[in-house]
Each structure stands twice: as structure tokens, then as C-alpha cells.
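The values are calculated or read from the model by the stated rules, or taken from the named source; none is laboratory data. The shown structure was predicted, so the numbers you read here are calculated from the model rather than taken from an experiment. Heads up, the Cβs are rebuilt from the backbone with ideal geometry, glycines too, and the neighbour counts pull from every protein chain shown.
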Amino acid sequence: MEFTSEHRLDDGVLERDFTLGEIPGVLWTPGSAPNPAPLILTGHNGSLHKREPRLVARARHSAAEYGYAVAAIDAPGHGDRPRSVVEEQVRADLLRAKEAGEPIEEILDALILPMVERAVPEWRATLGALLSLPEIGGPVGYSGMTAVGIRLAVVEPRISAAGFFAGGFVPGVLREEARRVTVPLLFLLQWDDEGNDRQLALDLFDAFGSREKTLHANLGGHVGTPWFEVEDGARFFDRHLK
């Protein structure tokens with residue numbers, strides 16, 4: 001892991017850009033909490049960037065107010081990372097199918113499953129590098145994209161708790177894997193999400209194998225998650241990572 005920039009922000013949080021091979025990422029660490037700090041991996045949805053404003057706001061708040069180290073990376077084909085010819089074609093097929101009112105589930109499978117297959121090993125490598133830093137000691141939580149989070153929670157024993165956002169499409173094979181997720185889980189659902197089938201989200205919550213799982217549903221569209229859920233999420237991670 002190579003740090004490429006470093007900034008001390010006005011809330012005391014240390015923000016550092018890093019690379020791990022081809023993987024670009026950002027690490028936020030608290031300015032005053034005792035070392036080593038517990039860690040939250042935060043994964044974005046869709047084609048968002050590791051510095052998407054809502055993600056950055058949550059990360060900085062978790063570091064400044066709750067003493068967590070928080071890390072984000074760009075998934076393959078997302079953010080600063082180039083898309084392959086195949087990815088560009090699948091995205092074009094998705095746009096065409098949406099405009100024509102055609103079914104898109106198979107196209108979404110073709111877009112999301114390969115990304116998950118590549119992203120999860122990258123997250124595991126990043127996690128290993130982060131835990132080698134003296135200022136980070138675990139335990140580890142994951143917060144973010146459900147499709148990646150399901151696979152990561154299944155294969156990565158260092159994940160102790162997870163918070164998933166219900167707004168992203170989850171392929172059928174990952175819905176089946178959800179039954180193998182056993183860590184404590186917080187699942188956020190926007191009740192009026194224009195791009196998400198509410199019943200599918202509720203069925204997915206039911207499928208998770210965790211003995212401790214909580215569903216928070218709020219009125220509003222895809223980007224309308226209220227800020228108090230950030231506070232509730234921090235308290236959730238406090239229960240399981242501290």
C-alpha cells in the first residue's frame with residue numbers, strides 16, 4: 001500500500017489517498033481517538049466514485065465523531081478506474097433496454113456479477129493491507145453496496161458486522177448467498193425508491209441468515225436516506241466493533 005497524498009481536515013480527521021496495485025482508495029482516520037482504531041470498509045453503489053459526497057460525509061463523521069478508521073476504494077470499472085469494452089457494451093445494452101421498456105435483470109446480472117467477482121478479492125487485499133497499519137487494529141465492519149457486501153460477508157471472516165443499502169440490484173445467485181450471511185446486520189430501505197423493487201428488498205432481508213438483523217425503512221426516494229440513519233449506523237457498529 002502506497003500513500004499518495006495526505007490532508008488534515010478541519011474536523012481533525014486525517015485523509016489519505018492510497019494505491020494498492022491498481023486499486024485506488026481513500027483512508028480517513030480519527031485525529032484524537034486512541035490507536036489502534038476499529039475499521040469500517042465503505043463501498044459505493046452504481047458507478048459512483050470513492051469520493052462521492054454522501055460517502056465522504058459519512059466517512060468523515062464516523063472518523064471524527066466515533067473514532068473509526070474508514071476506507072473506500074473504487075470498484076473495477078467505477079470512479080477513476082477504466083471500463084473494459086465489455087463493460088461499456090453491457091452498459092449500452094442496459095440503457096437501450098430501459099429506453100425500450102424491456103426486461104433488464106439479465107443485463108444487470110451481466111454487469112454486477114463480474115464486478116463482484118473482481119471487487120471482493122480487491123477488498124480482501126485492501127483489508128489485509130489496512131490491518132497491517134499500526135493505527136488500525138479492527139474489529140472490522142462493512143457499510144455499503146449490498147451485492148458486494150453479501151459476498152464479502154460470506155467469504156471474509158474478519159468482517160464482524162455489516163450495514164447494507166437496499167437501493168442496488170442484487171443478482172439471484174447473491175440472493176441465495178444471503179442465506180449464508182450470519183454477521184449482525186443493519187439493512188436500510190428507502191420505501192419509495194424509484195429504482196428498487198420494495199418487495200424484493202423485503203424478501204432479501206428475510207433471506208439473510210443473521211440471527212441479529214434490523215430493517216430501517218424510511219419514506220423517500222433513492223437518495224433520500226435521512227442523516228439520522230448515519231447516527232443509528234454508528235451506534236450499530238459501536239455495539240459490535242467496540
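Within the range 147-160, can you find the residues that are aliphatic (A, V, I, L, M) and surrounded by fewer than 24 Cβ atoms within 10 Å (Cβ to Cβ)?
Passing the criteria: V154, V155, I159.
Among the criteria (1) of a type outside the set (S, T, N, Q); (2) over 25 Å from I112 (Cβ atoms); (3) modelled with pLDDT under 90, the one A37 does not fulfil is (3). Selection of the range 79-132 for residues being farther than 15 Å from F169 by Cα, free of Cβ contacts under 8 Å to residues at least 40 places away in the same chain, assigned to a loop (DSSP other than H, G, I, E, B) and not polar (S, T, N, Q) yields P82, R83, G101, E102. For the range 66-86, the set of residues classified as loosely packed, with under 15 Cβ neighbours inside 10 Å and either touching an Asp or Glu at 6+ places or on another chain (Cβ under 9 Å) or closer than 30 Å to R235 by Cβ (or both) consists of D80 only. Among the residues of the range 43-61, are any in contact with a Pro (Cβ under 7 Å, 6 or more places away or on another chain), more than 23 Å from F169 (Cβ to Cβ) and modelled with pLDDT of 90 or more? So far as the range 43-61 goes, no, none of its residues is in contact with a Pro (Cβ under 7 Å, 6 or more places away or on another chain), more than 23 Å from F169 (Cβ to Cβ) and modelled with pLDDT of 90 or more.
Quick check, is A59 out of contact with any Gly (no Cβ under 7 Å at 6 or more places or on another chain) and either part of a helix (DSSP H, G or I) or under 24 Å from V154 (Cα atoms) (or both)?
The answer is yes for A59.
With respect to L200, is the statement that it is in contact with a His (Cβ under 8 Å, 6 or more places away or on another chain) and on the phi < 0 side of the Ramachandran plot true? For L200, the condition - in contact with a His (Cβ under 8 Å, 6 or more places away or on another chain) and on the phi < 0 side of the Ramachandran plot - is not met. For first residues located in the range 18-35 and surrounded by fewer than 16 Cβ atoms within 10 Å (Cβ to Cβ), partners that are at pLDDT below 90 and not in a loop (DSSP other than H, G, I, E, B) and lie 6+ apart or on another chain with Cβ distances below 6 Å do not occur. Considering only residues in the range 184-228 that are of a type in the set (S, T, Y) and in a loop (DSSP other than H, G, I, E, B), the one that is nearest to the chain's Cα centre (by Cα) turns out to be T225.
When W191 is tested against (1) surrounded by 19 or more Cβ atoms within 10 Å (Cβ to Cβ); (2) touching a Leu at 6+ places or on another chain (Cβ under 7 Å), exactly one condition is not met: (1).
Of note, R175 does not satisfy the criterion of being of a type in the set (D, E, K, R), exposed (fewer than 15 other Cβ atoms within 10 Å of the Cβ) and closer than 23 Å to M115 by Cα.
Summed over the range 197-221, the residues that are closer than 19 Å to P171 by Cα and in contact with a strand residue (DSSP E or B) (Cβ under 7 Å, 6 or more places away or on another chain) give a count of 3. Restricting attention to the range 87-146, report how many residues are on the phi > 0 side of the Ramachandran plot and surrounded by 14 or more Cβ atoms within 10 Å (Cβ to Cβ). Residues flagged as on the phi > 0 side of the Ramachandran plot and surrounded by 14 or more Cβ atoms within 10 Å (Cβ to Cβ) within the range 87-146 amount to 2.
Residues are listed down the side, and each one gets a yes or a no for (1) touching a residue at least 24 places away in the same chain (Cβ under 8 Å); (2) closer than 19 Å to E122 by Cβ; (3) part of a helix (DSSP H, G or I):
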{"site": "G141", "(1), (2), (3)": "yes, yes, no"}
{"site": "L152", "(1), (2), (3)": "yes, yes, yes"}
{"site": "A161", "(1), (2), (3)": "yes, no, no"}
{"site": "F169", "(1), (2), (3)": "yes, no, no"}
{"site": "L174", "(1), (2), (3)": "yes, yes, yes"}
{"site": "A178", "(1), (2), (3)": "yes, no, yes"}
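Please specify each residue of the range 1-34 satisfying the condition of being among the small types (G, A, S) and at pLDDT 90 or above. S5, G12, G21, G25 - these are the residues of the range 1-34 that are among the small types (G, A, S) and at pLDDT 90 or above.
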